[in-house]
Amino acid sequence: MTQTISRRDFLKLGAAAGAALAAGSFIPPQVAQAARDAKLINADGDGYIPSMCEMCVWRCGLLAKVKDGRVVKLDGNPEHPHSKGNLCPRGQSGLMNTYDPDRVLTPLIRVGKRGEGKFRKASWEEALDLTASKMLEVKEKYGPEGMIFSSTHNLSQVQFENLLYGFGSPNYGTQRSLCFNAMITAFLLTYGVEEPARKYDDVEFILLVGRNLMEAISTSETSELSHAIDRGAKLVYLDPRYTKTASKAAEWIPIRPGTDSAFLLAMIHVIVMNELADCDFVKQYVIGCDGIQDAMRRYTPEWAEAITGVPAATIERIAREYAAAKHNALAHPGWRTSNFVNSFQTERAIATLNALSGNVFTEGGCLSTDVTEEGSGLAKPPQPPYPRISALRLDGTPWKYPLVPLKLGVFQELRDAIITGQPYQAHGWFIARQNPILALPDRNKTLLAFGKMDFIATVDIIMNDTAWFSDVVLPEASYLERYDPLLPLDGRAYIRQPVIEPQGEARSALWIYKQLGERLGLGDYFQYEDEEDYIRQQLKPLGISLEEVKEKGYAEMPEEEKKNGFTFNTPSGKIEVYSETLKNAGFPAWPTWEEPPIPGENEFYLLTGKVAQHTQFGTQNNQLLHKYSDEPRLWMNAKTAVSLGFTDGDWVEITSKVGKVHSKLLATEAIRPDCVYLTPGFGHLSKGLTTAFGIGASDSVLHETYTDPISGGQALSQTFVKVKKA
Amino acid sequence: MTDIKHHAYLFDAVRCIGCRACMVACSVENNIEMDKTRIWVAGRGVMGEYPILERASMVYHCMHCNEPDCLSACPVGAYSKRSDGPVEYDPKKCIGCRYCMNACPFGVPHFDYDKGLIEGAFIDKCTFCPQRIDNGQEPACVATCPTDALEYGERDELLKIAHERIAAHPDRYIDHVYGEFENGGTSYLILSHVPFSELGLPALPEEPVNEISEKVMEMTIPFALGWGVVLTAVAAGVHLYNKKTETKAKPTETHEEEPEVNK
């Protein structure tokens, strides 16, 4: 259905009601003035302002409806490729993140014991001075590597990294190893690209390996998948749970956890042994065509049946259907692929299946490696080179994990190194927009690591669990209250701009990092007057004014020159199904089966996976999402529950090797009998989250720490639990 | 600002992923209190036995019937039907009798205890977002739907789209557009892959329930008048009969009494 409102229309809407009434004093000055100048709001302060969502990392374009200086509604921006006019439930509820009654609106300094939740209000001056002096103290005593910096992916991260590398610490904690290390590392090694783009226009056959796109919503991609199914594309979906994606699939395969790669290797076996791929064609672009038959010979569908529990005939048929769709077949790379220590091999097999279909090197194929460099075409403020960093990274990259890209890192290993003090002891932790206490596996260990710190400072908009255990909390402006650097995407640079004034004393990350940077003697890395100046400097090469971008929501960028032919950024310039790099590092050169551990007697696989209403650990306190999401529960197969004497709604105790939690039980047919699933993101420790506190249980308490030696990914489904009545 | 003659929704249960973006959008757009909603998820959810499973769920709100039962049940005219589709509710006229709640076959109007006593707005239900559709925008629930499970437009066109979709994928859809004729036709049209009863929808005759009731109601006065005549006649007859018997019986009574007195 076409959108009935275009950007022009909403501009008209704002202008139409443009009665020249005097602006009331309740209309905040700067944002309102800028929006009025851009004709986005009228004299009454009513209108629509384009910006970008930050309820997850997909970054949909939005139109914020403002009235009297308050944001009253968010709509998807039809002009933005990630929303195309739609927003998911999280995007729709975004204004309750901004108006959360639990917002931290002044800097806070801890006065009680750590974790006691006793803070006093402080001025920015005092909080920033204290943070800077503590960081410099660590640097003086233990060297810059004594400070850890961690942050989850966001648009201001480039300036966060200036803080980290300018300071001179190698210790960078990102969420990535808890999320997509396996996928990114496998695709970098095979294709030379982090994450190839999926194209659904002509797709005929889609294989989703646990990618629950109908609940882990990426608005435009979820929409594209849905339309592809509508059109008649066949979706085959592998997942031990009957998710909403499973319910939309032509075939749901409730595969045994940890055995996806056996299924995929058998598919490759069927394709190469029966020569279903056009090998002469494939050979031009793929390294490994010659030896692939020998390498895959042992992975017969019968072999895979014994491991996966999926009938050999089914695997054979799916492989043939996949091959028949040729370059219109898509084996989706997935996203959070931190499941088992063999997840890297699963991703390698997925990468191989795509190579065999030719979808990456055929015009109109449904996978693309043409990913534009982030920020190309845009400038950024000048800055000196970073100081040389000689200290080892605590997370073992690359000295222990040679193939893990530096920007990904191994967060769980960093946490463990804090506890052991090996190879050296860390003393301070600067955290922005991240909640490692809930995100990292084995929460008790994470709390232990926090206890080892002399100083912890956290930047966040609410009192998340990590802020609760910090010494200084620096209140960030919410995404509706601040600027971030521009986002280049499909030939345009999109803006996130304030649609209302920051509440209280909340400030943008760009401002906070600059203030802190200057106090740390790193002012040269923050050469911008303010947020607007930062974006003006970005826009300089385009010759487009900030005012124009604020009005339109984006800047057009010059067209990129199209590459001729298909080349891949790998050592050979081809797709490396056979990888010398892997071989030289002592790992299997071919996609390979690695046997994962299996649960013992009376144990279940503990599964995780998203619900449509929440993003990780950051949205449970949003009152709108709280209202419209289901109570978090432990899913168990209904018949298994009966056999164990449980009834739906019972309170149960869930125990792993490292922890124990209580949860209400959901007895459902929608899960394999040997698995349980716990709704993630709940079980908050912070009493500063008045909506979320006391609800659900945290799977981080249960998760054991297992790291894939190749990609550094945490194996989140490799924890096995026992369940008994509470 | 809109040239739509009959505003309508088309909901496709095959497309719906149950994400509830529509519910959040409605709540925000219409500033609904945190403990209330105008839009629900219905249906049986996951059905079958592992691993042969099916899911059936739908979102629904006011069906904006062509012949609204709420309207015909309302004794004070608080409901009205816009000529272009939406069923409107006027809290100023409402007396809180809740006849509409009993009348609606879809259980849509619901009672608002908080507002009722203070503001007089006793009933709450979907308004069709007039503030949006009259400005050329889609209703909030439709605009945000990531899979276009909810669509909005001219009723005739949506019906055409619905039938075309069924024809294109007869294996995927039940060959019926719920709301095309049910209850005299509704402005919320529904496509499904499972029997509509699995979505929680009532089986309704094509002739609207209220049409039957209204026909009956139209007979009230003649019926009452007629009944009045009959009753008057009966009463008169009874009276005459009684009078007759009274006259006949009197002597007996006297006769029986007399001996007593004589004793």
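The values are calculated or read from the model by the stated rules, or taken from the named source; none is laboratory data. Everything numeric in this text was worked out from a predicted model, so none of it was measured. Cβ placement follows ideal geometry from the backbone for every residue including glycine, while neighbour counts extend to all protein chains displayed.
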Determine whether A:G688 is within 23 Å of A:N339 (Cα to Cα), away from chain B (no Cβ under 14 Å) and in a loop (DSSP other than H, G, I, E, B). no
In segment B:4-40, the residues that are more than 9 Å from chain A (Cβ to nearest Cβ) and aliphatic (A, V, I, L, M): B:I4, B:A8, B:A13, B:I32, B:I39
Name every residue in segment A:77-93 that is more than 10 Å from chain B (Cβ to nearest Cβ) and under 10 Å from A:S220 (Cβ atoms), in order of residue number. A:H80, A:P81, A:H82
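A quick yes/no check of all residues on (1) modelled with pLDDT under 95; (2) assigned by TED's automatic domain parsing to the domain that holds B:M63; (3) among the β-branched types (V, I, T):
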residue	(1), (2), (3)
B:V87	no, yes, yes
B:I118	yes, yes, yes
B:I123	yes, yes, yes
B:C126	no, yes, no
B:N135	yes, yes, no
B:P146	no, yes, no
Counting only residues in segment A:316-357 that are farther than 21 Å from A:K199 by Cα and of a type in the set (G, A, S), the one surrounded by the fewest Cβ atoms within 10 Å (Cβ to Cβ) is identified as A:S338
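Which residue out of A:L63, A:L74 is facing chain B (nearest Cβ under 9 Å), of a type in the set (A, V, I, L, M, F, W, C) and in a strand (DSSP E or B)?
A:L74
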Take segment A:211-262 and flag every residue that is within 11 Å of another protein chain (Cβ to nearest Cβ), touching a helix residue (DSSP H, G or I) at 6+ places or on another chain (Cβ under 7 Å), outside any loop (DSSP other than H, G, I, E, B) and not β-branched (V, I, T). A:K248, A:W252
Only one of (1) more than 14 Å from every other protein chain (Cβ to nearest Cβ); (2) β-branched (V, I, T); (3) within 22 Å of the chain's Cα centre (by Cα) fails for A:I271. Which number is that? (3)
Quick one: B:K81 ticks every box in (1) within 25 Å of B:A149 (Cα to Cα); (2) away from chain A (no Cβ under 14 Å); (3) out of contact with any Ser or Thr (no Cβ under 8 Å at 6 or more places or on another chain) except a single one, so which number is it? (1)
Considering only segment A:6-27, I want to know if a residue exists there that is in contact with a Gly (Cβ under 9 Å, 6 or more places away or on another chain), more than 9 Å from chain B (Cβ to nearest Cβ) and at pLDDT 80 or above. no
Kindly state which helices (runs of 4 or more DSSP H) lie completely within segment B:58-128 and contain at least 3 residues that are touching a residue at least 12 places away in the same chain (Cβ under 8 Å) and farther than 28 Å from B:V142 by Cα. B:113-119
Kindly establish whether A:E556 is surrounded by fewer than 19 Cβ atoms within 10 Å (Cβ to Cβ), under 30 Å from A:V676 (Cβ atoms) and either in contact with a helix residue (DSSP H, G or I) (Cβ under 9 Å, 6 or more places away or on another chain) or at pLDDT below 95 (or both). no
The lone exception for A:Y237 - which of (1) under 13 Å from A:R211 (Cβ atoms); (2) over 25 Å from the mean Cα position of the chain (by Cα) it fails: (2)
Any residue in segment B:146-171 that is closer than 20 Å to B:G184 by Cβ and within 12 Å of chain A (Cβ to nearest Cβ) sitting within a Cβ distance under 9 Å of a residue that is loosely packed, with under 14 Cβ neighbours inside 10 Å and modelled with pLDDT of 95 or more? List the pairs, counting only those 6 or more apart or interchain. B:E154/B:K5
Return the residue satisfying two criteria in turn: it lies in segment B:41-62 and is surrounded by 19 or more Cβ atoms within 10 Å (Cβ to Cβ) and of a type in the set (S, T, Y), and of such residues it is farthest from the other protein chains (Cβ to nearest Cβ). B:Y60
Condition set more than 9 Å from chain A (Cβ to nearest Cβ) and among the polar types (S, T, N, Q), scope segment B:127-141, selection farthest from B:A8 (Cα to Cα): answer is B:Q131
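Picking from A:S579, A:S572, which residue would you name as being buried (at least 20 other Cβ atoms within 10 Å of the Cβ), among the polar types (S, T, N, Q) and in contact (Cβ under 8 Å) with a residue 60 or more places away in the chain?
On the way: A:S572 fails: buried (at least 20 other Cβ atoms within 10 Å of the Cβ).
From the options A:S579, A:S572, the qualifying one is A:S579.
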Identify all residues within segment A:201-210 that are under 15 Å from A:V236 (Cα atoms) and assigned to a loop (DSSP other than H, G, I, E, B); write none if there are none. A:V203, A:E204, A:G210
From A:I495, A:I500, grab the single residue that is closer than 20 Å to A:K550 by Cβ and in a loop (DSSP other than H, G, I, E, B). A:I500
B:V46 fails exactly one of the following numbered conditions: (1) under 17 Å from B:P202 (Cα atoms); (2) part of a strand (DSSP E or B). What is the number of that condition? (1)
Go over the candidates A:R348, A:R336, A:R317 one by one and state the one that is in the same structural domain as A:A250 (by TED's automatic domain parsing), free of Cβ contacts under 8 Å to residues at least 12 places away in the same chain and either of a type in the set (K, R) or part of a helix (DSSP H, G or I) (or both). A:R317
Segment A:604-624, residues that are away from chain B (no Cβ under 11 Å) and either in contact with a strand residue (DSSP E or B) (Cβ under 8 Å, 6 or more places away or on another chain) or within 15 Å of A:M463 (Cα to Cα) (or both): A:F604, A:Y605, A:L606, A:L607, A:T608, A:G609, A:F617, A:G618, A:T619, A:Q620, A:N621
In segment A:498-529, what residues are among the acidic types (D, E) and within 19 Å of A:D129 (Cβ to Cβ)? A:E505, A:E518
Among the residues of segment B:172-214, the number that are assigned to a strand (DSSP E or B) and either in contact (Cβ under 8 Å) with a residue 60 or more places away in the chain or of a type in the set (V, I, T) (or both) is 4
